[in-house]
1. Expected output is a single nm value to one decimal: the length gained when fully extending between Lys153 and Trp35, i.e. 0.36 nm times separation in residues minus the C-alpha distance. What is it?
2. Gain in length, Gln114 to Phe99, computed as 0.36 nm per residue apart minus the alpha-carbon separation, to one decimal in nm?
3. Sort Leu197, Leu94 so that the residue with the fewest other Cβ atoms within 10 Å of its own Cβ comes first and the one with the most comes last.
4. Report the extension gain between Ile56 and Val194 in nm, rounded to one decimal, defined as 0.36 nm multiplied by the number of residues separating them, less their alpha carbon distance.
5. Packing-wise, with mean Cβ within 10 Å as the measure, how do 74-80, 126-132 rank, highest first?
Amino acid sequence: MRLVWILTVLIISFVLPFIIWGSEFENAFSTDGEWLRKWGNWAWLIAILLLMSDIILPIPGTAVMVTLGLVYGPIVGGVVGSIGSILSGVVAYLLCLKFGRKIAIKIAGDKAIQQGENIFERTGAWLVVLSRWLPVMPEVIACMAGLSRMPSKLFIAALATGSIPLAFIFSIIGASSKENPKLTIILSILAPAVLWLFVRPVFIKKSGRR
């Protein structure tokens with residue numbers, strides 16, 4: 001039950017900025033991409049930093065990815081979006097792995113953290129993969145993975161599996177200037193799940209998991 005408290009605290013901490021400043025950020029990014037183009041040759045770096053700052057700020061990550069497709073095209077935009085999304089997850093994971101565990105133990109106790117470790121040992125990879133298309137949850141799950149000491153190689157593999165298809169999907173949408181929300185949602189859900197079916201056996205074999 002205490003594990004739920006940790007999850008609740010994480011969700012609230014990530015949702016609160018969206019409640020306070022979400023609309024302002026959405027309006028700032030809902031243009032024709034001029035906000036990114038004005039950075040010139042450094043636009044790609046600004047986009048990556050924005051995606052990484054999604055950990056603490058209500059940055060609409062998918063809007064950034066769409067704009068990357070609009071500015072750089074589907075391939076380069078997808079690559080830059082993937083890098084930003086992956087780095088965002090890695091930073092959240094490492095922060096909680098290195099510094100968050102002691103705080104979590106004080107809040108919930110050793111038993112609750114052990115329960116979290118058991119959950120992530122069984123289904124952690126799927127949680128990471130599928131969380132990438134949900135609002136707020138990517139950061140929450142990345143933090144929980146760090147707190148639960150999910151193996152770093154497995155986490156990064158799952159993170160990349162979820163982040164790369166999502167980044168390319170939204171980049172393609174931006175490049176084509178044809179937004180189809182329903183199709184985007186379907187592809188965002190199915191593509192990471194299908195890709196992970198092929199990646200998962202390789203990492204299970206290497207790690208010796210059954």
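What follows draws every value from the coordinates through simple rules; no lab data is involved. Computed from a predicted structure; not experimentally measured. Positions of Cβ are generated from backbone atoms using ideal geometry, with glycine treated the same way; all protein chains shown enter the neighbour counts.
1. Details: separation 118, 0.36 × 118 = 42.48 nm, distance 3.55 nm.
Contour length minus the Cα-Cα distance gives 38.9 nm.
2. Values: separation 15, 0.36 × 15 = 5.40 nm, distance 1.69 nm.
Gain on extension, Gln114 to Phe99, equals 3.7 nm.
3. Values: Leu197 11, Leu94 15.
Result, fewest neighbours first: Leu197, Leu94.
4. Working: separation 138, 0.36 × 138 = 49.68 nm, distance 3.00 nm.
So the chain would gain 46.7 nm between Ile56 and Val194.
5. Details: 74-80: 20.1, 126-132: 23.3.
Highest to lowest by the protection proxy: 126-132, 74-80.
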